[in-house]
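Heads up: the structure comes next, in structure tokens.
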Amino acid sequence: MAAFAPLYTLHVWAALIWVGGMFFAWLVLRPAVVTALEGPARMKLWAEVFRRFFLWVWLAVLILPISGIGMIQISFSGFETAPRYVQVMMGLYLVMVALFVRITTLQLPTFTQAVKAEDWQTGATSLAQIRRLVGINLIIGFVVVAVAAARPPF
């Protein structure tokens, strides 16, 4: 169990960074930005927020499977004996990563280019698409956290 604690801690930190960051962005930062800034300034801010936050999400995307596989090996001696809730969390992780990759490879470049070109209409449309996908990922992240909290691995 001594090897389990650091893996579990890294795993929880990575999940907190990703899901907590989405929660903050969606439910705290977004309403504040809408109230405080006009469209162009708002989009410039979001471009900077995404650039910085998504680096942390990429780190979480790497840490979560590494720490998760380590915990599976320690706790269940492999995937074959891992309980269903672990398999559900792994599946939902893959969905979250797919949505995140979609955001970073399809929506984000369009948004970034629109902000650089000061094409505020295209930027607003792209930002709305990003916001919707982040909202979906946030809900999925809450489900993963609920599954994990209902069945702690120790």
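The values are calculated or read from the model by the stated rules, or taken from the named source; none is laboratory data. Just so we're clear, the structure is a prediction, and the values are computed from it rather than from any experiment. Glycine also receives a Cβ, built like all others from the backbone with ideal geometry; neighbour counts cover every protein chain displayed.
Taken over segment 44-79, the criterion of being exposed (fewer than 13 other Cβ atoms within 10 Å of the Cβ) and charged (D, E, K, R) is satisfied by GLU48, ARG51, ARG52. Here THR122 does not fit the description of being within 17 Å of ARG51 (Cα to Cα) and of a type in the set (Val, Ile, Thr). Taking the criterion of being surrounded by 13 or more Cβ atoms within 10 Å (Cβ to Cβ) and under 14 Å from the mean Cα position of the chain (by Cα), the residues of segment 91-125 that qualify are LEU92, TYR93, VAL95, MET96, VAL97, LEU99, PHE100, ARG102, ILE103, THR104.
Taking the numbered list (1) over 16 Å from the mean Cα position of the chain (by Cα); (2) aliphatic (A, V, I, L, M); (3) modelled with pLDDT of 95 or more in turn, VAL86 passes all entries but (3). The listed residues are VAL61, VAL97, and the only one of them that is modelled with pLDDT of 95 or more and within 20 Å of PRO6 (Cα to Cα) turns out to be VAL61. Filtered by the rule that a residue be more than 14 Å from ILE66 (Cβ to Cβ), without any contact (Cβ under 8 Å) to a residue 12 or more places away in the chain and more than 14 Å from the chain's Cα centre (by Cα), segment 3-32 gives ALA5, LEU27, VAL28, PRO31, ALA32. Taking the criterion of being out of contact with any Leu (no Cβ under 9 Å at 6 or more places or on another chain), part of a helix (DSSP H, G or I) and in contact (Cβ under 8 Å) with a residue 40 or more places away in the chain, the residues of segment 117-140 that qualify are TRP120, GLY123, ALA124, LEU127, ARG131, GLY135. Among the conditions (1) without any contact (Cβ under 8 Å) to a residue 12 or more places away in the chain; (2) under 30 Å from PRO6 (Cα atoms); (3) charged (D, E, K, R), the only one that ARG151 does not satisfy is (1).
Kindly check whether there is at least one residue in segment 2-24 that is outside any helix (DSSP H, G or I), modelled with pLDDT under 95 and out of contact with any Asp or Glu (no Cβ under 8 Å at 6 or more places or on another chain). Yes, the conditions are met somewhere in segment 2-24. In segment 70-86, the residue that is farthest from LEU7 (Cα to Cα) out of those that are assigned to a helix (DSSP H, G or I) and aliphatic (A, V, I, L, M) is VAL86. Here's a check for you: in segment 141-154, which residue that is surrounded by 12 or more Cβ atoms within 10 Å (Cβ to Cβ) and assigned to a helix (DSSP H, G or I) is nearest to the chain's Cα centre (by Cα)? Restricting to residues being surrounded by 12 or more Cβ atoms within 10 Å (Cβ to Cβ) and assigned to a helix (DSSP H, G or I), the top hit is GLY141. For the structure I just gave you, tell me whether MET43 is in contact with a Phe, Trp or Tyr (Cβ under 8 Å, 6 or more places away or on another chain), of a type outside the set (Val, Ile, Thr) and on the phi < 0 side of the Ramachandran plot. Taking the combined requirement at face value, the residue satisfies it.
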